[in-house]
Amino acid sequence: QVQLAESGGGLVQAGDSLRLSCAAAGLTFSNYAMGWFRQAPGKERECVAAVSRGGDSTPYADSVKGRFTISRDNAKNTVYLQMNSLKPEDTAVYYCAANFWNLRVRVRDYNYWGQGTQVTVSS
C-alpha cells in the first residue's frame, strides 16, 4: 500500500521560511516523479513544483520561482519543498503526490496523494 506522509507545515509570518517533507512508503521511490501541490480555500489545486525521478528536472509555478526549491533524496524515499520569502498568498494546504515514471505538472496525472499539511502565512 502506497503511503505519502507530509510534514513541516505551520503558521509563519510573511518573509519567513518553511521546509516541507514528504516520506514515501510502499513504492519504488526512484521510479516515481514527485510533485508538490497546494490548494487554497475556494481555489483549484495547483502544482507548485515537481521533480523528476533522478532529480535533474524541476519545473516550478511562476508564482514560486526563485522562492521555493524542490529536492529529493532517493536513499531516504523523501521529497522536500524549501519555501523561502513566504507570502500570505502562499497560504494553502500543501500536498505531495507521486506519478509513475514521467514528470508531470497536472493534478490528474498523479496516482498517489498524501493527506496534506497546512501552511498559513500571516501578514
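The values are calculated or read from the model by the stated rules, or taken from the named source; none is laboratory data. Just so it is clear, the structure is predicted and the values come from calculations on it, not from any experiment. Note that each Cβ is placed from the backbone with ideal geometry, even for glycine, and that neighbours are counted across all protein chains shown. What goes into the accessible areas is simple: the full protein's heavy atoms, side chains included, and nothing from ligands, DNA or RNA. Shrake-Rupley method; radii C 1.70, N 1.55, O 1.52, S 1.80 Å.
Below is a table of values for the structure above.
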read-out: Carbon plus sulfur fraction of accessible area for the stretch 1-43, probe 1.4 Å, in percent; value: 43 percent
read-out: Solution diffusion estimate, µm²/s, Stokes-Einstein, the stretch 1-74, Kirkwood Rh from C-alpha pairs, 25 °C, viscosity 0.890 mPa s; value: 179 µm²/s
read-out: Additional length obtainable on full extension of the chain from Asp16 to Ser85, 0.36 nm per residue less Cα span; value: 24.3 nm
read-out: Reachable lysines, given that their alpha-carbon falls under 19 Å from the alpha-carbon of Lys65 and they are not under 8 places away in the same chain; value: Lys87
read-out: Rounded, prolate or oblate (a/c below 1.5 giving rounded, otherwise prolate when a/b exceeds b/c) for the stretch 24-65 by Cα gyration tensor; value: oblate
read-out: For Asn84, net neighbour charge (Lys/Arg +1, Asp/Glu -1) across residues whose Cβ lies under 10 Å away; value: +1
read-out: Of the trypsin sites (Lys or Arg not before Pro) in the stretch 28-104, those whose Cβ has at most 13 other Cβ within 10 Å and which sit in DSSP loop; value: Lys43, Lys65, Lys76
